[in-house]
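A.B. asks: My structure is below; once you've seen it, I'll send some questions.
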Ligand SMILES: [Zn+2]
Ligand SMILES: [Zn+2]
């Protein structure tokens with residue numbers, strides 16, 4: 001009855017290692033898949049990488065966002081209407097009037 005016991009440690013070790021590896025791989029893949037959605041976008045004019053907070057492209061100077069003329073909320077330049085109040089943005093009526101801020 002002693003031979004069946006042998007060295008079960010190696011089996012458990014291999015199984016445990018496999019489990020850890022699988023869990024790590026899962027976490028790693030999930031992180032990798034989630035990253036691009038959350039962080040960088042690219043400039044439509046020059047293709048440079050942009051942070052979501054940028055108002056202008058640091059690579060080519062293209063205006064990315066402006067302020068709503070009605071509620072002064074942040075409006076991206078490609079949006080036609082303010083998401084907060086629904087006002088048509090200045091960029092679509094005519095070329096951006098310059099705005100109060102430079
Ligand atoms: Zn750019
Ligand atoms: Zn608005």
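A.B. asks: Can you figure out the FRET efficiency of residue 62 with residue 88, using R₀ = 25 Å and their beta-carbon distance, to the nearest 0.05?
C.D. replies: In this case the efficiency is close to 0.75.
A.B. asks: Additional query: Report the extension gain between residue 55 and residue 42 in nm, rounded to one decimal, defined as 0.36 nm multiplied by the number of residues separating them, less their alpha carbon distance.
C.D. replies: Taking 0.36 nm per residue and subtracting the Cα distance, the gain is 3.4 nm.
A.B. asks: Within 10 Å, count the other beta carbons around each residue, average over each peptide in 13-21, 74-82, 43-51, and list them highest first.
C.D. replies: By packing density, highest mean first, the sequence is 74-82, 43-51, 13-21.
A.B. asks: Can you compute the modelled spin-label distance between residue 71 and residue 15, with each label point 7 Å from Cα toward Cβ, in nm?
C.D. replies: A separation of 5.8 nm, rounded to one decimal place.
A.B. asks: Rounded to the nearest 0.05, what FRET efficiency do residue 31 and residue 80 give with R0 = 35 Å and r taken as the Cβ-Cβ distance? Could you check?
C.D. replies: 0.50
Each reported figure results from applying straightforward, stated rules to the coordinates on display, with no laboratory input. As the structure is a computational prediction, the values presented were derived from the model and not from experiment. No Cβ is skipped: glycine too gets one built from the backbone with ideal geometry, and neighbour counts run over all protein chains shown.
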